[in-house]
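Visitor: The following block contains the structure, expressed as structure tokens.
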Amino acid sequence: MNATGYNFAYLDEQTKRMIRRAILKAVAIPGYQVPFGGREMPLPYGWGTGGIQVTASIIGADDVLKVIDQGADDTTNAVNIRRFFAKTAGVTTTEHTTDATIIQTRHRIPEVLLSAHQTIVYQVPTPEPLRWIEPREAETRKMHALTEYGIMHVGLYEDIARFGRVTTSYNYPVRVNARYVMSPSPIPKFDNPKMDQMDALQLFGAGREKRVYAIPPHTSVESLDFEDHPFQIETWEERCALCDADDSFLDEVITDDAGTRMHVCSDSDYCRDRQEAGHVGDGGPE
Amino acid sequence: MYVAVKGGETAIENAEKLLAEERRGNPDVPEISLEQISEQLSLSVDRVMAEGSLHDRKLASLAIKQARGDLVEAIFLLRAYRTTLPRFGASEPLDTAQMAIQRRVSATFKDLPGGQILGPSFDYTHRLLDFDLAENGAMPEPAPEADTPVDATMPRVADLLGEEGLIEREIPNDQDAGEPLDLTRDAARFPLDRATRMQGLARGDEGFLLSLGYSTQRGYGRNHPFAGEIRLGEASVEFIPEELGFAIEIADITVTECQMVNRFQGSDEIPAQFTRGYGLVFGHNERKAMSAALVDRALRAEELGEATDAPAQDQEFVLSHADNVEASGFVQHLKLPHYVDFQSELITVRALRAEALDKQAAE
Amino acid sequence: MTETGDFSAGFSDGLRTGLANPAEDAQGIFRAALDAMSRPGTIITLNQELAPPPPLGTATAAILLALADRDTPVWLGTSLSNPDISGFLRFHTGAAVTTSPGAAGFAVTEGVPDLPLDAFSLGEDEYPDRSTTLIMQVEDLSSDGPIVLTGPGIETGIEIGRRIQIGGVAKSFWSARSNLSALFPRGLDLFFCSGNRLAALPRTTTAKITETGE
């Protein structure tokens, strides 16, 4: 694509105004999904069009952008979105989490605590947390309006009755500011606790479903759970083979056809920082 | 020692180069021109314009060329271009009774004012591969011209029934409501009114609508359709610029219109009569126009007090899944890495298995 | 008003100028508004040079120029209802001035509106976002005042809440506003503007007056 002839950050000003108004309402009603006139982007639906539209609406010439997919800056989808903004907005991009003012993400929250000068933009495939229980938008709207979330708890509890635990491992529903039940996007539940009282503003964009929603800084975000079955995150017995981290989300990498595995940080920037600071893992199987 | 994969940007650039090579194919074969696509693959161009919601033969031809003939990909290209165009307003409704007719058939009357006009149609062709076509160069024999030109005004069949009160009156949407909602600019809010539903159907995937229309014929929401009329021709598009205050003609476009006539049992308020299902598409595409008309009528089930238990009668189901650019993107996004979520699933499944095996061992 | 902007700024065709660099300026103003809405009660100073027709203030005009358009009718309070302001908004944003507060995307007043707050659109339970955003021009806006704010966007640490001073707003306004909280998620989101400074109070913010206010 030749970017000349397009407006700053691709979207026209009228579209940006519409999305900006939606974002302001989203911040004012934490966890509520604001419908917006999502545009057709030059990237396919399901590949981050919602996140891209949110980023395009907030980004300015002074911003420093980081894009991650699965926690990594070098996955093709992250590379592709980063080069889209480098081309259409000419902004500085970075792989260093702490240098970024805007972080667009798919499926992870960085391991380092985000700060007040940062905004994290999540790409969301299915914004409606009740969708798997009730497929109709007309119904789920009512359930949100009336705070009728009993059915959600029943669903989770059926899991407990059958398996002795909640089996949802990612896209684990949360309750925002003790009001709206919200989809955190398909992040692993490992990342859910990071959303609670975060210093940074959290914005969520769903392009295909045409919804934006938000969590303001310092807002309570609770993962749904039960007194006798409190929410728990994933743990590993292993440490990162590259940086020896024992506190980060680890990806399993298969290293030979006998199924030998090693574990490495999913957050590539966190892992590199630790390696540069002198932390050394066991290097994985030889 | 394990080294993480790098070089995503180079990989993407190389993939683009490979794709361009594949698109061109064997360089010894002459390159196809947009004119050739527009003239000789005209029905592909029609479909791409219709589902791309942009009437521009040249751009649609370019999209088809760029997409290597993949029409859904071409529709996506055209849509992504369309979205950057400024919107000046809404045109006046098309008056299809005034259109320059190329083809017009009715299944409900043997003959009717204006006559049946077969026009260019695959309908009665024998589907035998024409090996003469394989040898380029032969010009088709010119079709003979009729002795009398077709009538300038052709009443629509459904309107003829209206004289007797046998068919429902078509009441335009609330005139005071202003311009209809634009599905490409505003988020849909269910339930949608009929005008908005029709927009969704006009942009909807032909194959999806064909299957849904077919399902109503097979008993999933049966609604007794007759093809009241199918017409193909050129209609004028009129627009009222704010500064002029009167309509000016801005284009003539080829459209296919289908009016289905469906029996309605009647209700407490309305005696038995015929109702309509309506389909209109850019270009020549009877399959799509007829399918849209069947689905439009099926989606009116609730309004007419009929049972609504079939997929084609469920507007959220139909309209949330009819768009092939949305569907294609979301189905194919499964190609993107999901290894973080998969890792979480691995942990959960391993834990569930360990608990189950422990339990078995204890028993 | 403490200030009315720089009158030496350019005029064009009798209409005062809008944003000098529309894409860039609108983005900067929006980010300021977003920051304000995300961190209620934080006072943000805009560095926009604008000369809106009086008594429209710089920050008020900036928000409207950045966010209003044909899709957002603007309702103006009595003291702001003049042809200069209507013309300025129509010319630079395309927004129509409406006389119906319930139809307004944005409502603009000097001080407390002389209407009950629910005369503006509070949205619907299913679509609470379809509510008016009220922009109130106030005499003064400073931190460390008697109004203590709590809610999303406000850190609760050693000190409870964030303190703010909003001049010229009667106590009755605060009780009327707090009455709306029972209607949540319906509600009214507010911007307070004074000169080139702004602060925001979304519907989720609770405001308590600790000392004798006005």
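The values are calculated or read from the model by the stated rules, or taken from the named source; none is laboratory data. The structure displayed is predicted, hence computed values, not measured ones. Positions of Cβ are generated from backbone atoms using ideal geometry, with glycine treated the same way; all protein chains shown enter the neighbour counts. These accessible areas exclude ligands, DNA and RNA; they are computed on the full protein's heavy atoms, side chains included. Shrake-Rupley method; radii C 1.70, N 1.55, O 1.52, S 1.80 Å.
Visitor: What accessible area per residue, rounded to a whole number of Å², is obtained for the stretch A:222-286 using a probe radius of 1.4 Å?
Guide: About 58 Å² of surface per residue is accessible.
Visitor: Would you work out the Kirkwood radius for chain A? I mean one over the mean of 1/r across all pairs of different Cα atoms, in Å.
Guide: Its Kirkwood hydrodynamic radius stands at 19.9 Å.
Visitor: Given chain A, what percent of its DSSP beta bridges are antiparallel, to the nearest 5?
Guide: 60 percent
Visitor: Moving on. Express the C-alpha Rg of the stretch C:21-209 as a ratio against the empirical globular expectation 2.2 N^0.38 Å, rounded to two decimals.
Guide: Against the empirical 2.2 N^0.38 Å value, I get 0.97 for the stretch C:21-209.
Visitor: Count neighbours as other Cβ atoms within 10 Å of each site's Cβ, and list the chymotrypsin sites (Phe, Trp or Tyr not before Pro) in the stretch A:58-163 that are DSSP loop with at most 14 such neighbours.
Guide: For chymotrypsin sites (Phe, Trp or Tyr not before Pro) across the stretch A:58-163 that sit outside H, G, I, E and B with at most 14 neighbouring Cβ atoms in 10 Å, the list reads A:Trp132.
Visitor: Within chain B, which is the longest segment containing none of the chymotrypsin sites (Phe, Trp or Tyr not before Pro) that sit in a DSSP loop and have at most 11 other Cβ atoms within 10 Å?
Guide: Excluding the exposed sites themselves, the longest stretch runs over B:125-245.
Visitor: While we're here: Translational diffusion coefficient of the protein assembly as shown at 4 °C, 1.567 mPa s, Stokes-Einstein with Kirkwood Rh over Cα pairs, in µm²/s as a whole number.
Guide: Answer, rounded: 43 µm²/s.
Visitor: Now a separate question. List residues of the stretch C:58-74, by number, whose backbone nitrogen lies under 14 Å from a label position 7 Å along Cα→C-beta of C:Ser81.
Guide: Within reach of a label on C:Ser81: C:74.
Visitor: Please work out the Cα center distance from the stretch C:187-204 to the stretch C:93-118, rounded to the nearest Å.
Guide: Taking the Cα centre of the stretch C:93-118 as reference, the centre of the stretch C:187-204 is 14 Å away.
Visitor: Which is farthest toward the positive dipole end of the protein assembly as shown among C:Trp75, A:Thr147, C:Ala170, measuring Cα position about the Cα centre, with Cβ charges +1 (Lys, Arg) and -1 (Asp, Glu)?
Guide: The residue sitting farthest along the positive end of the dipole is C:Ala170.
Visitor: Counting alpha carbon pairs within less than 8 Å and at least 6 residues apart, what relative contact order, in whole percent, applies to the stretch C:21-209?
Guide: Across the stretch C:21-209, relative contact order equals 26 percent.
Visitor: Continuing with the same structure: Helix-only estimate, please: 222 nm mean residue ellipticity of chain B, summing -39500 (n - 2.57) across DSSP H runs of length 4 or more and dividing by its residues, to the nearest 500.
Guide: Helices in chain B give a 222 nm mean residue ellipticity of -12000 deg cm²/dmol.
Visitor: Follow-up question, since we're still on this one. Which loop GluC sites (Glu not before Pro) in the stretch B:201-299, with loop taken from DSSP, have no more than 11 other Cβ atoms within 10 angstrom of their Cβ?
Guide: For GluC sites (Glu not before Pro) across the stretch B:201-299 that sit outside H, G, I, E and B with at most 11 neighbouring Cβ atoms in 10 Å, the list reads B:Glu242, B:Glu243, B:Glu269.
Visitor: If you take every residue apart from B:Lys58 with its C-beta less than 13 Å away from the C-beta of B:Lys58, what net charge results, scoring Lys and Arg +1 and Asp and Glu -1?
Guide: -1
Visitor: Give me the net charge of C:Leu188's neighbourhood, meaning all other residues with Cβ under 10 Å from the Cβ of C:Leu188; Lys, Arg count +1, Asp, Glu -1.
Guide: Around C:Leu188, the charge tally is +1.
Visitor: Using each residue's phi in the stretch A:223-228, evaluate 6.51 cos²θ - 1.76 cosθ + 1.60 at θ = phi - 60° and report the 3J(HN,Hα) Karplus result to the nearest Hz, with x for Gly and Pro.
Guide: 7, 5, 7, 10, 3, 8
Visitor: Tell me, what % of the accessible area of the stretch C:72-161 is carbon and sulfur with a 1.4 angstrom probe?
Guide: Here carbon and sulfur together make up 50 percent of the probe-accessible area.
Visitor: Tell me, what is the per residue accessible area of the stretch C:21-209 in Å², probe radius 1.4 Å?
Guide: 36 Å²
Visitor: Accessible area of chain A with a 1.4 Å probe: how many percent of it is carbon plus sulfur?
Guide: Taking all protein chains in place, chain A shows 48 percent carbon and sulfur surface.
Visitor: Using +1 on the beta carbon of Lys and Arg, -1 on that of Asp and Glu, and nothing else charged, what's the dipole of the stretch C:21-209 about the Cα centre, debye to 20?
Guide: 300 debye
Visitor: For the stretch B:57-151, run through the trypsin sites (Lys or Arg not before Pro) and keep only the ones in DSSP coil with at most 16 other Cβ atoms within 10 Å of their Cβ.
Guide: B:Arg68, B:Arg87, B:Lys110, B:Arg127
Visitor: Interface A/B, total buried accessible area with a 1.4 Å probe, nearest 100 Å²?
Guide: Approximately 4600 Å² gets buried when A meets B.
Visitor: Enter the mean projected area of the convex hull around the alpha-carbon atoms of the stretch A:1-86, in nm², rounded to one decimal.
Guide: Directional mean of the projected Cα hull area for the stretch A:1-86 stands at 6.4 nm².
Visitor: Rounding to the nearest 10 and keeping the result within 0 to 90°, find how far the Cα-based axis of helix B:286-298 lies from the longest principal axis of chain B.
Guide: 90 degrees
Visitor: Over the C-alpha atoms of the stretch A:1-155, what are the Rg and the largest Cα-to-Cα span, Dmax, in Å?
Guide: 16.8, 53
Visitor: Ok, one more. When the accessible area of the stretch B:214-363 is computed with all protein chains present and a 1.4 Å probe, what percentage of it is carbon and sulfur?
Guide: Looking at the stretch B:214-363 in its full context, I get 54 percent from C and S.
Visitor: Students often get this wrong, so check it: of A:Lys142/C:Lys171; A:Lys142/B:Lys288; A:Lys142/B:Lys335; B:Lys17/B:Lys335; A:Lys87/A:Lys189, which have C-alpha atoms separated by over 26 Å?
Guide: In this structure, A:Lys142/C:Lys171; A:Lys142/B:Lys288; A:Lys142/B:Lys335; A:Lys87/A:Lys189 exceed 26 Å between Cα atoms.
Visitor: While we're looking at this one, here's another question. Output needed: percent of Cα pairs per 10 Å distance bin for chain B, bins running from 0 to the one holding the longest distance.
Guide: Per 10 Å bin, starting at zero, the Cα-Cα P(r) for chain B comes out as 4, 18, 27, 23, 14, 8, 4, 2, 0, 0 percent.
Visitor: Also: Give the accessible surface of the stretch B:6-48 per residue, rounded to a whole number of Å², with probe radius 1.4 Å and ligands, DNA and RNA excluded.
Guide: Per residue, the stretch B:6-48 has an accessible area of 72 Å².
Visitor: Right, here's the next one. Find the eigenvalues of the gyration tensor of the Cα atoms of the stretch A:173-272, then list the square roots of 5 times those eigenvalues as equivalent ellipsoid semi-axes, largest first, in whole angstrom.
Guide: Here the semi-axes work out to 30, 17, 14 Å.
Visitor: Here is a follow-up. Roughly how large is the A-C contact in terms of buried accessible area, totalled over both chains, probe 1.4 Å, nearest 100 Å²?
Guide: 3100 Å²
Visitor: Restricting to bridges with both residues inside the stretch C:135-214, how much of the DSSP beta-bridge set is antiparallel, in percent to the nearest 5?
Guide: If I count the DSSP bridges inside the stretch C:135-214, around 85 percent turn out antiparallel.
Visitor: I've got another one for you. Assuming a viscosity of 0.692 mPa s and a temperature of 37 °C, what translational diffusion coefficient in µm² per second does Stokes-Einstein assign to the stretch B:205-363, Rh being the Kirkwood radius over Cα pairs?
Guide: 166 µm²/s
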